[in-house]
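Take a look at the structure set out below.
The values are calculated or read from the model by the stated rules, or taken from the named source; none is laboratory data. Bear in mind the structure is a predicted one, so any value in this text is a computation, not a measurement. Ideal geometry is used to build each Cβ from the backbone, glycine not excepted, and the neighbour counts take in all protein chains shown. All accessible areas refer to the heavy atoms of the entire protein, side chains included, with ligands and DNA or RNA removed. Shrake-Rupley method; radii C 1.70, N 1.55, O 1.52, S 1.80 Å.
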Amino acid sequence: MIRFEQVSVQYEGAARPALHSTDLTVPEGELCLLVGPSGVGKSTLLGTVSGLVPHFTGGTLRGRVTVAGRDTREHRPRDLADVVGSVGQDPRAHFVTDTVEDELAYGMESLGLPPGTMRRRVEETLDLLGLGELRDRPIATLSGGQQQRVAIGSVLTPHPRVLVLDEPTSALDPAAAEEVLAVLQRLVHDLGTTVLMAEHRLERVVQYADRLLLLPEPGAPARLGGPAELMAVSPVYPPVVALGRLARWSPLPLSVRDARREAAPLRAELDTRAPESARHAADATTTDATTPDATGAVGSGSVRSGPPAQVTGMTLRRNRLTVLHEIDLTLRAGETVALMGRNGAGKSTLLNSLVGLLEPTLGSVTAGGAAPHRTPPRELLRRAALVPQDPRDLLYADTVEAECAAADADAEAEPGSCRALVTELLPGVPGEAHPRDLSEGQRLALALAVVLTARPPLILLDEPTRGLDYAAKSRLVQVVRGLAAAGHAIVLATHDVELAAELAHRVVILAQGEIVADGPTAEVVTSSPAFAPQTAKVLAPQPWLTVAQVRAALESRPARGAPGDPEVPR
């Protein structure tokens, strides 16, 4: 169905090709998962299939890519629309209409399908993706995850023979991601649709893949093969595979179910051990609590007059809808809180209220003792800062270097501080590049660095791992841990259950604008199958949350040491 014949792509000014000598065939009617670290050319490879590369992205394409017999060098994306449906990392760039129902119908209108067919397919897609209640909603009012489902639905309605998806579950909650993947499974198994998908959250998708297409490193040739075979050598892999590598299971398990079948000896070995005790947030009333100094950084040895943020009885209404209802929440110095819940539960709204973008209808919100919506932006930056879901909202300069220089100046930080953070989060981001030309993960790293340069006492991150591979996520974890250890309060609105298990002291779950759970991470995530990490599911009922905990326990054994792979991700 998809044939690559010695395909290379070179962008102007780039030191090396984005793709090099790719030669393989993706069979019809299979789900092929594209795997590799950030920056190896995954989005470029997907773009060659849809025709976006080189017709819209520029660059030089050598070799030949054919889809259902059509050469993508000779057919622009509009000429492939009846065969290929494509959704990129940014769903907002995909939309051409204003409402959900119109967006689902647009692609079929462009192909001239009969009205009766269009109506039936719209209804089917609304049901498949759980969008029925949103059909009349303006797209601009939807959450990021809801927009992602609409974007996927808009390419499903024309019934293409090939689906090209770049990070399709990155903004979805666990339940919504399962629904989307179930739909893709049905399309592959029942209709023979070919799905080529890139996804960093491998724990969600690798067990559904018929084949893996591995791009191991920049400039290296692509490899196509069985999922278990390539997971054994892939530089990126999910926790269930990491656990299998650590325990030396063969073949490697790709799903929690397969891992549980192998896990009895490991559970027996761990039975007499316990995970490292959960880190506790600093008590805001202790005399050695940290407090922000005049520059907005966090120092030590002084008394904090109050928590970094306090929400009391807060209700927030927008367009006559109650988005948040009677929220009570205290954020303490040195504490990392994971804010979780379904798409549209109110997570982003709560973060926006903490930085003054939204004013509460009832109740109160304070950040550093002041009401955020009444605090001037430059002063608020010393108290709280937010990295939104779309990092482009924070980026205005023409180059990465200029963006970093502006962040240093705004934060009154040492020159080079922001650039050092970018490098720490994601090495290899070119300083001369325009932020709009960066990958989603690179843009996120830049936006994170811009905010973290100011080091405000309260740091809010909305989906901070979207577009990041496991290595980049591990670096983010280390940065956030360092900030928490220095006394910053951090809130992560996230659907990434593995991140919450690794990093959060505490988990708060929102549902329909209300807090339905608030407690220590281990208690909250293991009590809900939807929010439990893979390691917890495999080793239940034992209280292990991460591979790192298991590895530490095994390494503490006397004499013979621990088995496994030194590169097992946390």
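Only one of these conditions is not met by ARG186: (1) open to solvent by 10 Å² or more (accessible area, probe 1.4 Å); (2) touching a Gly at 6+ places or on another chain (Cβ under 6 Å). Which number is it? With (1) open to solvent by 10 Å² or more (accessible area, probe 1.4 Å); (2) touching a Gly at 6+ places or on another chain (Cβ under 6 Å) applied to ARG186, the lone miss is (2).
Within the set of pairs 6 or more residues apart or between chains, which connect a residue that is under 17 Å from ASP462 (Cβ atoms) inside the stretch 355-368 to a residue that is in a loop (DSSP other than H, G, I, E, B) and open to solvent by 50 Å² or more (accessible area, probe 1.4 Å) with Cβ atoms less than 6 Å apart? Between residues of the stretch 355-368 that are under 17 Å from ASP462 (Cβ atoms) and residues that are in a loop (DSSP other than H, G, I, E, B) and open to solvent by 50 Å² or more (accessible area, probe 1.4 Å), the close pairs are ALA367/ARG383.
The set of residues in the stretch 65-102 that are surrounded by 17 or more Cβ atoms within 10 Å (Cβ to Cβ) and in a strand (DSSP E or B) comprises VAL65, THR66, VAL67, VAL84, GLY85, SER86, VAL87, THR99. Of the residues making up the stretch 396-407, those that are under 17 Å from LEU425 (Cα atoms) and open to solvent by less than 40 Å² (accessible area, probe 1.4 Å) number 4. For the stretch 170-183, filtered to residues that are hydrophobic (A, V, I, L, M, F, W, C) and under 15 Å from GLN207 (Cβ atoms), the residue that is surrounded by the fewest Cβ atoms within 10 Å (Cβ to Cβ) is ALA182. For the stretch 218-230, does any single residue satisfy the condition of being more than 23 Å from HIS20 (Cα to Cα) and surrounded by fewer than 23 Cβ atoms within 10 Å (Cβ to Cβ)? The answer is yes, given that some residue of the stretch 218-230 is more than 23 Å from HIS20 (Cα to Cα) and surrounded by fewer than 23 Cβ atoms within 10 Å (Cβ to Cβ). Taken over the stretch 333-358, the criterion of being closer than 23 Å to THR169 by Cβ and open to solvent by 10 Å² or more (accessible area, probe 1.4 Å) is satisfied by ARG342, ASN343, GLY344, LYS347, SER348, THR349.
The number of residues in the stretch 9-64 being among the charged types (D, E, K, R), surrounded by fewer than 23 Cβ atoms within 10 Å (Cβ to Cβ) and within 19 Å of PRO427 (Cβ to Cβ) comes to 1. When the stretch 380-395 is limited to residues that are touching a strand residue (DSSP E or B) at 6+ places or on another chain (Cβ under 8 Å) and part of a helix (DSSP H, G or I), the one that is most open to solvent (accessible area, probe 1.4 Å) turns out to be LEU394.
Of all residues in the stretch 448-506 being of a type in the set (Lys, Arg) and modelled with pLDDT under 90, which is most open to solvent (accessible area, probe 1.4 Å)? Here the residue is ARG455.
Within the stretch 111-123, not a single residue is among the basic types (Lys, Arg), touching a residue at least 60 places away in the same chain (Cβ under 8 Å) and either assigned to a helix (DSSP H, G or I) or more than 22 Å from GLU463 (Cβ to Cβ) (or both).
The sole residue among GLY47, GLY13 that is touching a Ser or Thr at 6+ places or on another chain (Cβ under 7 Å) and outside any strand (DSSP E or B) is GLY47. Scanning the stretch 408-428 for residues that are surrounded by fewer than 16 Cβ atoms within 10 Å (Cβ to Cβ) and in contact (Cβ under 8 Å) with a residue 60 or more places away in the chain yields GLU412, GLY428.
Of the residues making up the stretch 248-261, those that are open to solvent by 30 Å² or more (accessible area, probe 1.4 Å), in contact with a helix residue (DSSP H, G or I) (Cβ under 6 Å, 6 or more places away or on another chain) and part of a helix (DSSP H, G or I) are VAL256, ARG260. With the condition kept exactly as written, say whether any residue in the stretch 361-372 is open to solvent by less than 10 Å² (accessible area, probe 1.4 Å), in a helix (DSSP H, G or I) and touching a strand residue (DSSP E or B) at 6+ places or on another chain (Cβ under 7 Å). Yes, that holds for at least one residue. Scan the stretch 69-77 and give yes if some residue there is in contact (Cβ under 8 Å) with a residue 40 or more places away in the chain and in contact with a strand residue (DSSP E or B) (Cβ under 9 Å, 6 or more places away or on another chain), otherwise no. Checked the stretch 69-77: no residue is in contact (Cβ under 8 Å) with a residue 40 or more places away in the chain and in contact with a strand residue (DSSP E or B) (Cβ under 9 Å, 6 or more places away or on another chain). Picking from residues in the stretch 123-169 that are among the basic types (Lys, Arg) and over 24 Å from the mean Cα position of the chain (by Cα), the one that is most open to solvent (accessible area, probe 1.4 Å) is ARG161.
Exactly one residue out of LEU212, LEU184, LEU163 is in contact with a strand residue (DSSP E or B) (Cβ under 7 Å, 6 or more places away or on another chain), of a type outside the set (Val, Ile, Thr) and part of a helix (DSSP H, G or I): that is LEU184.
Scan the stretch 380-428 for residues that are closer than 27 Å to ASN352 by Cβ and among the β-branched types (Val, Ile, Thr) and the total you get is 3.
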